[in-house]
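Here, each number is a calculation from the coordinates, and none is a lab measurement. Note that the coordinates shown come from a computational prediction; the quantities given were computed from them, not determined experimentally. Here the Cβ positions follow ideal geometry from the backbone for every residue, glycine too, while neighbour counts run over all protein chains shown.
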Amino acid sequence: LAKTTQPISMDSYEGQEVNITCSHNNIATNDYITWYQQFPSQGPRFIIQGYKTKVTNEVASLFIPADRKSSTLSLPRVSLSDTAVYYCLVGARSGAGSYQLTFGKGTKLSVIP
Amino acid sequence: DAGITQSPRHKVTETGTPVTLRCHQTENHRYMYWYRQDPGHGLRLIHYSYGVKDTDKGEVSDGYSVSRSKTEDFLLTLESATSSQTSVYFCAISGTGTTNTGELFFGEGSRLTVL
């Protein structure tokens, strides 16, 4: 199973770009990389997903190098409302027809005024 | 938002009593998951299901069992609750057909306290 490693916490000022990197050295060929955002007392919420190179949507970008052993979530111009825990998740296939999805411990992002 | 509900949302019980948490979805998704979340540990996978009557263990499955007798319901049972199982439990769903690329939709969570 692919394990993920992220920084425990990060601080950033409002308006800055924030990059959170996740390491996943054992990623498998069929695995996707997915990032989630979680606010206190809520379930995680999907942000972005990718397989390789770069993916961009209306809230974030995801950069994945050719070896896919890491990925970087980029949040442009963060605001106070981006204060949350961010999780990197790499899909793992376990047995025929199954798909085990294991989270890491996440990165707590604190945005400072 | 995906149609996923958890019940009960809050429960207080005593050590040694059985507890069942229910996850109900209206999306006809194939994959369903139970996670627990504790301070300092993030989200940890307990059990998951990849179809009716098809389940498998996650990373912290000891002390828990699950059942899925129909697509829409995934039950998590603590046969004999212990204080270490005090946690917030999240259900999640993912995938349609045979495809699952890791995009999970989460319920609102069930807070369980075992005294």
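Descriptive notes on the structure:
- The stretch B:1-28 and the stretch B:36-115 have Cα centres spaced 10 Å apart.
- Here the stretch A:14-113 is treated with +1 on each Lys and Arg Cβ and -1 on each Asp and Glu Cβ, and its dipole about the Cα centre works out to around 260 debye.
- Computed from the Cβ-Cβ distance with R0 of 45 Å, the FRET efficiency linking B:GLU59 to A:LEU80 stands at 0.85.
- Taking the Cα centre of the protein assembly as shown as reference, the dipole from Cβ charges on Lys and Arg (+1) and Asp and Glu (-1) amounts to some 300 debye.
- Net charge in the neighbourhood of A:GLU17 (other residues with Cβ under 13 Å of its Cβ; Lys, Arg +1, Asp, Glu -1) is -1.
- Listing B:TRP34, A:TRP35 from fewest to most neighbouring C-beta atoms within 10 Å gives A:TRP35, B:TRP34.
- Anchor B:LYS57: lysines whose Cα lies under 25 Å away (excluding residues fewer than 8 positions away in-chain): A:LYS3, A:LYS105, B:LYS11, B:LYS70
- Whole-percent pair-distance distribution, where bins are 5 Å wide, for the alpha carbons of the protein assembly as shown: 1, 7, 15, 19, 19, 16, 12, 7, 3, 1, 0
- Listed values for the stretch B:46-55 are Karplus-derived 3J(HN,Hα) couplings in whole Hz (6.51 cos²θ - 1.76 cosθ + 1.60, θ = phi - 60°), namely 9, 8, 9, 10, 10, x, 4, 6, 10, 9, and x replaces Gly and Pro.
- Compactness index (Cα Rg / 2.2 N^0.38 Å), the stretch A:10-113: 1.09
- Spin-label model distance (nm) - A:GLU17 vs B:HIS10, 7 Å beyond Cα toward Cβ: 4.4 nm
- Paramagnetic reach from B:THR113 in the stretch B:1-36 [backbone N under 16 Å; point 7 Å along Cα→Cβ]: B:8-15
- The separation of the stretch A:41-112 from the stretch A:1-35, counted between C-alpha centres, amounts to 6 Å.
- Here the spin labels are modelled as points 7 Å beyond Cα on the Cα-Cβ line, and at A:SER9 and B:THR26 they lie 4.1 nm apart.
- The rule of thumb for compact globular proteins, 2.2 N^0.38 Å, goes into the C-alpha radius of gyration of chain B 1.00 times.
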